[in-house]
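Colleague: The structure follows.
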Amino acid sequence: QVQLVESGGGLVQPGGSLRLSCASSRNMFSFNYLAWYRQAPGEQRELVARRERFGSPYYSDSAKGRFTISRDNAKNTVYLQMNSLKPEDTAVYYCNLRVIRGNYWGQGTQVTVSS
C-alpha cells in the first residue's frame, strides 16, 4: 500500500506564493503519472498539473505560467510551486500518483487565497 502525505497549504494573500509537497512511501521511480488536482467548494475536482514518464508537463489554463510541478526522486516527493496566487485558486489540493496497477491520492491540503 502506498501512502501519500501532503503538506504546504495555508492562508496566503493574493499575489503570494505557496509550495505544496506530496511525499510518497514508495520509490518515485515506479510512478508513471504524477499530478495535482484541486476541488473548490461545490465544484468538481479538476486537474491542475501533471507530469508523465515521457513528454512535457501539462498545466491547466488557469495554472499555466504561474504553477510548476516538479519531483525530487531522492526525497520521493512531488511539488507544486504556486506563484501569483489568486482568490479563485482557493481549493483543497490533492496529489495523485499512478502506476500501471495502482492509483493513489493524498489526503488533500487546503489552500486559501484571501486578503
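The values are calculated or read from the model by the stated rules, or taken from the named source; none is laboratory data. Quantities reported herein were computed from a predicted structural model and do not represent experimental measurements. In this analysis, Cβ positions are derived from the backbone assuming ideal geometry, glycine residues included, and neighbour counts consider all displayed protein chains. Protein only, heavy atoms only, side chains kept; ligands, DNA and RNA dropped before computing areas. Shrake-Rupley method; radii C 1.70, N 1.55, O 1.52, S 1.80 Å.
Colleague: Among S25, S7, which is open to solvent by 30 Å² or more (accessible area, probe 1.4 Å) and under 17 Å from Q81 (Cα atoms)?
Modeller: The unique qualifying residue is S7.
Colleague: Still on this structure: Looking only at the range 90-105, filter to residues that are of a type in the set (A, V, I, L, M, F, W, C) and either part of a strand (DSSP E or B) or within 14 Å of the chain's Cα centre (by Cα) (or both); which one of those is surrounded by the fewest Cβ atoms within 10 Å (Cβ to Cβ)? Outline the logic, then answer.
Modeller: So the first thing to find is which residues in the range 90-105 are of a type in the set (A, V, I, L, M, F, W, C), and the list is 91-92, 95, 97, 99-100, 105.
Narrowing the set further to residues that are either part of a strand (DSSP E or B) or within 14 Å of the chain's Cα centre (by Cα) (or both) leaves 91-92, 95, 97, 99, 105.
Details: A91: 22, V92: 18, C95: 27, L97: 24, V99: 13, W105: 16.
By that ranking, first place goes to V99.
Colleague: What are the residues in the range 68-78 that are outside any strand (DSSP E or B) and either open to solvent by 40 Å² or more (accessible area, probe 1.4 Å) or touching an Asp or Glu at 6+ places or on another chain (Cβ under 6 Å) (or both), if any?
Modeller: N73, A74, K75
Colleague: Still on this structure: Among the listed residues G42, G65, G55, G15, identify the single one that is touching a Ser or Thr at 6+ places or on another chain (Cβ under 7 Å), at positive phi and open to solvent by 40 Å² or more (accessible area, probe 1.4 Å).
Modeller: After applying the criteria, what remains is G15.
Colleague: Scan the range 67-88 residue by residue and report those that are within 13 Å of Y37 (Cβ to Cβ) and more than 9 Å from the chain's Cα centre (by Cα). First the steps, then the outcome.
Modeller: Kept after step one, since they are within 13 Å of Y37 (Cβ to Cβ), are these residues of the range 67-88: 67, 69, 78, 80.
The answer is F67, and nothing else.
Colleague: What are the residue pairs meeting all of these: first residue in the range 97-115, first residue at positive phi, second residue aliphatic (A, V, I, L, M), Cβ atoms under 6 Å, and 6 or more apart or on different chains?
Modeller: As it stands, the answer is G108/V92, since those pairs meet every condition given.
Colleague: Of the numbered conditions (1) more than 14 Å from the chain's Cα centre (by Cα); (2) under 24 Å from G15 (Cα atoms); (3) at pLDDT 95 or above, Q44 fails exactly one; give the number of that condition.
Modeller: So Q44 meets the others, but not (2).
Colleague: Scan the range 28-37 and tell me whether some residue there is within 19 Å of Q107 (Cα to Cα) and open to solvent by 40 Å² or more (accessible area, probe 1.4 Å).
Modeller: So far as the range 28-37 goes, no, none of its residues is within 19 Å of Q107 (Cα to Cα) and open to solvent by 40 Å² or more (accessible area, probe 1.4 Å).
Results for (1) of a type in the set (A, V, I, L, M, F, W, C); (2) part of a strand (DSSP E or B); (3) touching a helix residue (DSSP H, G or I) at 6+ places or on another chain (Cβ under 9 Å), shown as yes or no for each residue.
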| residue | (1), (2), (3) |
| --- | --- |
| A35 | yes, yes, no |
| R38 | no, yes, yes |
| P41 | no, no, no |
| F54 | yes, no, no |
| D61 | no, no, no |
| K64 | no, no, no |
| L80 | yes, yes, no |
| L85 | yes, no, no |
| E88 | no, no, no |
